[in-house]
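Input: a single structure, listed below in C-alpha cells.
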Amino acid sequence: MRAIAGMATALAMVSICGVSAAAGEEASPLDEIIVTATRAPDGIPRSLLGASATVIDPQDMEDRQTRVVADVLRDVPGVAVSRSGAEGAPTQVRIRGTEGNHALVLIDGVKASDPYYDEFDFGTLVADDISRVEVLRGQQSSLYGSDAIGGVISYSTLTGREAPGLTGRIEGGSMNSWDAAARYGGVDGGMDYAISGGWRTTDGYPVARTGSRDMGSSNGAVSGKFDFDITDAFRIKAMLRASRTRADTPDEDDDFSTPEYGAVDGTGSFTSKTQIGSLRAEYDAFDGHWLNAVSVQAVDAQRDGDTAYGPYGDKGERRRYSAESTLRFGAPAAIEHLLTLAVDREDTDSRNTQAYSAEQGGKHGTGNTGLVAQYTLLADTRLGLGASLRHDDNSRFEDATTYRLQGSYLFDSGTRLRAANGSGVKNPSLTELFGYDPSSFIGNPGLKPEKSTGWEAGVDQQLLAGRVLLGATYFDSRLHDEIYTSYGPAPDYFGTPANRTTRSTQRGIELTAEGRIADAWRISVAWTHLNAKENGIEEVRRAPDIGSLNLGWISPQKAFDANLTVRYNGRQTDDNFTGVGPSPAPLAAYTLVNLNLNWRYTDKVQFYGRIENALDQHYEEVYTYRAAGRAAYAGVRMKL
C-alpha cells in the first residue's frame, strides 16, 4: 500500500548517506529528494525540479562541524547572512537580494517565524546532532502563501529509521565556549522515534568598536519526533520543539559629539523562548495512488529584553491548520501525473508586553485562508513540468492570487535544462501595522502587502558518471510596494513604515559545483553575483559578490578526515543611523577560512577540532558591530 512512499524514503536515504543503492556507487546530487518543492507528502527528485534547490545533508553538517545553522547557510548560492555581533545576536538571512522577512522558514515542517516580528531570527537556531537543511530559491507563495518571496529554508532533524541509535558530543574552546548535544532514535514496532537536544554557551567578545564588554550568550533546544504506523495505510506524526536563547546586546550611542558612535557596550540583553509543535495524520488509499493528510501546527514565542532606553517585550502565537490530497495516476516509469489540492487556515495573534499606549499594548490578530492547486507531470525520469496556483483570503488585506510554472529536462549527455516563473506575496507584520513605541516606531495600519514576480533559467551538467554536478542559474525579480521604514530627523529618528512607489529589482547569477572526486575528496563550490537595487541604488547588506568553497578529504583507512571551508563576502553597504560619516556606510570585503579535523579513534568514538576565521580577519557584517576573530574548538563525539 505504501510502495510510493517507500521509494521516496529510499531516495531520501540515498541523499542523506551519499551512497546509491546499486553496488555502492556514489549517487548523483540530482537524486536528492526536495521535500519543500511540492505539497505532496513525498517530495520530488531534484532532477525533475525546475526551481533551484540546495541540500546540506547530515554528512555536510558533520564535516563542517556546524553548530549554528545560519553559518552553514553561507555556503548556499544566493544566500547572504548578517549577524549583529556575537553568537546569539539577531541574525538575518536574505535569499537572492530579498529582505530577511521574505524567506519562509520551516523547522521539521512547521512555519517557525516569530508571530510578532513575522520573521525568523536565525541567531536562535542551534544545530542538532544529526540534521538536514534544504533551501528552495525563488517565489514559492503559490504553495505556502505569505513570506515565501525569496524562497523557503527548511531545517529538519532525522527520524529514528534514518539515523538509529544513541549519539552525543561535547566540546569546548575559545571565549570559554561550551557545546553539548545528544540524540536517541530508533524504531519499535510501529513507532518511529527520535529525541534530540543541544546546548551552547559562550562568554563572547566585545562587539562595539571601542568596547570592552564581552557579549555572551546561551542557546539551547530540545525536540522530539514520533511517527506511529496505525496500519499499512494510516499513520500519525507528531513533533515538539522548545528553544531558549539568552544573549547580551550592545546599546546604540546617541551622543554624536563623541567618537563612540554606533554600537557601545551598554548593559542590554534579551531572552527568547519559543515552542513549536505539529500533529499530522496521513492516509494512503488505492495502493498509494491517493495520498491524504490533515495537520495542525502551533508556534508560541516570547521575547523580553532590556536596553539603555528601558525594557521591552512581546509575545506572539500562530495556529495553522491544513488539509492536503494528492492523486497519482499513470505509470512512474513512463508518464506520471500528480494533482494536489490543499487548504490552509492560519490565525496569528501578538501583543507588546511593554506597551507605551493602549493600542500598542492590545492584542492584535489576523486570519488567512489559502486554497492551493498544484499539478506535476513526470515523464521517463527525464521530464518534469509543474504548475501551482494559490488564492489567499485575508482578514486585513486584499485577497492575493499567486502562481508558479516550472520545467526541467535531463538529456542522455547528463545536461539538464530548467526554468521557472512565479509570483510571491508578503503581508505586513502586526508590528509594522501597530508599532511599539510612539516616540520611536509608529505603526501604519494602511500598509499594503508586498508583491514580487520573477523568473529563472539554468543549466546543470553531470560529470564523472553523475558524481559531480556543475550548475549555472540566472534569476530576475521585481518587488512591488516594498515596505520600508521612513525615519524622522535627528536626534529622535522616530520611524514609520510605508510602501515604496519606486522600483526594486533583484538580478543575478549563481554558479555551483558539487560532488565527489575519486573516493577521498568531496567538494562544494558556490558563487553568486547579485545586482539588487532600489530606485537605482544598491540595497544595503547585499554584497554584489559572495562565494564559498568546501573541500573535504578522508584518508584511505577512513581514520582521519579534514574539511577546508573558505567563505568570501564582497564589499557592501549598510544603514548608518549614527549621524557621523557617510550614509549608507561602506563595509569592507572579507574572507573567512575554517579548518576542521576529525579522528575516528574507534567505530564509536571520534575526536575532532576546528579553527574558525583562521586568518583572523577583522570585519563587520552590520555597521559598527565587530564580528568574531580567530577561535579554536575541540571535542569528542560518541555513538552507542
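The values are calculated or read from the model by the stated rules, or taken from the named source; none is laboratory data. Remember, it's a predicted structure, so these values are computed and weren't measured experimentally. Here the Cβ positions follow ideal geometry from the backbone for every residue, glycine too, while neighbour counts run over all protein chains shown.
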Options Val636, Val622: the member that is buried (at least 20 other Cβ atoms within 10 Å of the Cβ), in contact (Cβ under 8 Å) with a residue 60 or more places away in the chain and among the aliphatic types (A, V, I, L, M): Val622
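Table: residues versus (1) under 30 Å from Leu430 (Cβ atoms); (2) touching a strand residue (DSSP E or B) at 6+ places or on another chain (Cβ under 9 Å); (3) β-branched (Val, Ile, Thr).
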residue	(1), (2), (3)
Leu479	yes, yes, no
Thr485	yes, yes, yes
His529	no, yes, no
Lys533	yes, yes, no
Lys558	no, yes, no
Ala562	no, yes, no
Gly570	no, yes, no
Some residue of the range 401-408 being closer than 19 Å to Leu291 by Cα, modelled with pLDDT of 95 or more and either in contact with a Phe, Trp or Tyr (Cβ under 8 Å, 6 or more places away or on another chain) or surrounded by fewer than 16 Cβ atoms within 10 Å (Cβ to Cβ) (or both): no
Any hit, the range 308-315, residues being among the hydrophobic types (A, V, I, L, M, F, W, C), part of a strand (DSSP E or B) and in contact (Cβ under 8 Å) with a residue 40 or more places away in the chain: no
Test: residue in the range 209-225 that is buried (at least 17 other Cβ atoms within 10 Å of the Cβ), more than 22 Å from the chain's Cα centre (by Cα) and farther than 28 Å from Asp616 by Cα: no
In the range 103-146, residue surrounded by the most Cβ atoms within 10 Å (Cβ to Cβ) [restricted to those that are more than 19 Å from Val299 (Cα to Cα) and of a type in the set (Asp, Glu)]: Asp128
Test result for Asp344, modelled with pLDDT of 95 or more, of a type in the set (Asp, Glu), surrounded by 20 or more Cβ atoms within 10 Å (Cβ to Cβ) and within 20 Å of Val105 (Cβ to Cβ): yes
Any hit, the range 245-254, residues being over 22 Å from Tyr309 (Cβ atoms), acidic (Asp, Glu), in contact (Cβ under 8 Å) with a residue 12 or more places away in the chain and surrounded by fewer than 22 Cβ atoms within 10 Å (Cβ to Cβ): no
The range 598-619: number of residues that are among the charged types (D, E, K, R) and surrounded by 15 or more Cβ atoms within 10 Å (Cβ to Cβ): 3
Among the residues listed as Ser439, Ser429, the single one being of a type outside the set (Val, Ile, Thr) and within 29 Å of the chain's Cα centre (by Cα): Ser429
Residue selected from the range 316-339 under the condition free of Cβ contacts under 8 Å to residues at least 60 places away in the same chain and among the hydrophobic types (A, V, I, L, M, F, W, C), by the criterion surrounded by the most Cβ atoms within 10 Å (Cβ to Cβ): Leu327
Conditions (1) under 27 Å from Gln506 (Cα atoms); (2) modelled with pLDDT of 95 or more: number failed by Leu430: (2)
Residues of the range 576-616 satisfying the condition of being among the polar types (S, T, N, Q), touching a strand residue (DSSP E or B) at 6+ places or on another chain (Cβ under 8 Å) and more than 24 Å from Trp553 (Cβ to Cβ): Asn576, Thr578
Residue count, the range 441-471 (criterion: surrounded by fewer than 19 Cβ atoms within 10 Å (Cβ to Cβ), farther than 28 Å from Pro29 by Cα and touching a residue at least 60 places away in the same chain (Cβ under 8 Å)): 1
Positions within the range 90-102 being crowded, with 23+ Cβ neighbours inside 10 Å and touching a Ser or Thr at 6+ places or on another chain (Cβ under 9 Å), in sequence order: Thr91, Val93, Arg94, Arg96, Gly97, Thr98, Asn101, His102
Filtered residue count, the range 617-631, keeping only those that are of a type outside the set (Ser, Thr, Tyr), more than 12 Å from Gly85 (Cβ to Cβ) and assigned to a loop (DSSP other than H, G, I, E, B): 4
Candidate set: the range 176-186, residues that are of a type outside the set (Phe, Trp, Tyr) and surrounded by fewer than 18 Cβ atoms within 10 Å (Cβ to Cβ); chosen: the one nearest to Gly197 (Cα to Cα): Ala180
Hey, Thr505 over 20 Å from Ser548 (Cα atoms), crowded, with 17+ Cβ neighbours inside 10 Å, in contact (Cβ under 8 Å) with a residue 12 or more places away in the chain and not charged (D, E, K, R) or not: yes
Any hit, the range 256-263, residues being among the acidic types (Asp, Glu) and either under 30 Å from Ser113 (Cβ atoms) or part of a strand (DSSP E or B) (or both): no
Residue check, Lys273 surrounded by 17 or more Cβ atoms within 10 Å (Cβ to Cβ) and touching a residue at least 12 places away in the same chain (Cβ under 8 Å): no
Unique match (being on the phi < 0 side of the Ramachandran plot and buried (at least 17 other Cβ atoms within 10 Å of the Cβ)) among Gly629, Gly552: Gly552
